[in-house]
Amino acid sequence: MQVKWDQERCCHAGVCVGLLPDVFKIEDGRFVIDTNEASEEAIKNVVDRCPSGALQWVDE
Ligand code: SF4
C-alpha cells in the first residue's frame, strides 16, 4: 500500500498527525508519511478520516 498526500488540498487540520503520530509527522519542516510504523488497516482508517481528501491510499 502506498499513501499519497496532496499538499494543495491539505487543510492542516492535523487529524492524521493526531491519530497516528508515528506515521504522519513533521520532520525538518516537511510532512512525512512513514507507512512502516503502523498496520495497513490502521493507516487506511486514518487516511479515510482526512477531512479534506488530501490523503489517499492505493494498493500496490
Ligand atoms: S488529516 Fe488530511 S487535511 Fe488534516 S493534516 Fe492530515 S492530510 Fe492534512
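The values are calculated or read from the model by the stated rules, or taken from the named source; none is laboratory data. A quick note: this is a predicted structure, and the numbers were derived from the prediction, not measured. When we count neighbours, we look across all protein chains shown, and the Cβ atoms used for this are built from the backbone with ideal geometry, even at glycine.
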Exercise for review: Tell me, yes or no, whether the range 7-23 has at least one residue that is modelled with pLDDT under 95 and among the aliphatic types (A, V, I, L, M).
Suggested key: yes
Check your understanding: So, of the residues in the range 2-16 that are surrounded by fewer than 15 Cβ atoms within 10 Å (Cβ to Cβ) and at negative phi, which turns out to be farthest from the ligand (Cβ to nearest atom)?
Key -> Q2
Practice item. Consider only pairs whose beta carbons are under 6 Å apart and that are at least six residues apart or on different chains; among these, list those whose first residue lies in the range 5-25 and is within 18 Å of T35 (Cβ to Cβ) and whose second residue is more than 8 Å from the ligand (Cβ to nearest atom) and not β-branched (V, I, T). Key: L20/A38; D22/E37; V23/D34; V23/E37; V23/A38
Review point. Do you know which of the residues in the range 17-49 that are in contact with a helix residue (DSSP H, G or I) (Cβ under 7 Å, 6 or more places away or on another chain) and within 15 Å of Q2 (Cβ to Cβ) is farthest from the ligand (Cβ to nearest atom)?
Key: T35
Check your understanding: Can you name the residue in the range 26-45 that is small (G, A, S) and without any contact (Cβ under 8 Å) to a residue 12 or more places away in the chain and, of all such residues, is nearest to E60 (Cα to Cα)?
Key -> S39
